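Asks: Questions regarding the structure given below will be posed in turn.
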Amino acid sequence: MSEIKTLADQLRSKMAKPDTPEKPVKVVKPKSAKPPDIPEIVSLMRNLDVSANKTLIHARVDAQTAKMIHHLKIATGIEVTRLICFSIRQLFEQNPELKSLIKAHLANFEL
């Protein structure tokens, strides 16, 4: 029983005198007048015309991807529709074998 009291006394004494070191003072640097450089891909997405697109696609993404898309929209002003349209176009342009696969499937398709 005396061990519990001794332990309690030790805790009380530690709580009475804070042993946290002083926080260092942060030096705030003034922001530069030059705006940050906009990456080329952001410019390409902003210039993509999606006004004539009428087809609607519902995409399901995991929570982390949804969060990243939301942050991208806030940071750049690029809406989700434009991002998805741009991404799919880039996917097919960079991987022409996907188009070949689709063409081969359609050649074998019969009604």
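Asks: Suppose we keep only residues that are open to solvent by 90 Å² or more (accessible area, probe 1.4 Å) and among the charged types (D, E, K, R) within the stretch 71-104. Which one would you say is nearest to VAL50 (Cα to Cα)?
Replies: The residue in question is ARG89.
Asks: Moving on. Kindly indicate whether GLU97 is over 16 Å from ILE41 (Cα atoms), among the charged types (D, E, K, R) and at pLDDT 95 or above.
Replies: Working: over 16 Å from ILE41 (Cα atoms): yes; among the charged types (D, E, K, R): yes; at pLDDT 95 or above: yes.
Judged against the criteria, GLU97 is a match.
Asks: Restricting attention to the stretch 48-80, which residues are over 13 Å from the mean Cα position of the chain (by Cα) and farther than 25 Å from PRO36 by Cα?
Replies: The answer is VAL50, SER51, ALA52, ASN53, LYS54, THR55, LEU56, ILE57, HIS58, ALA59, ARG60.
Asks: Another one. Among the residues of the stretch 36-54, is any open to solvent by 90 Å² or more (accessible area, probe 1.4 Å) and modelled with pLDDT under 75?
Replies: yes
The values are calculated or read from the model by the stated rules, or taken from the named source; none is laboratory data. Just so it is clear, the structure is predicted and the values come from calculations on it, not from any experiment. When the accessible area is computed, the model is the full protein with side chains, heavy atoms only, and any ligands, DNA or RNA have been set aside. Shrake-Rupley method; radii C 1.70, N 1.55, O 1.52, S 1.80 Å.
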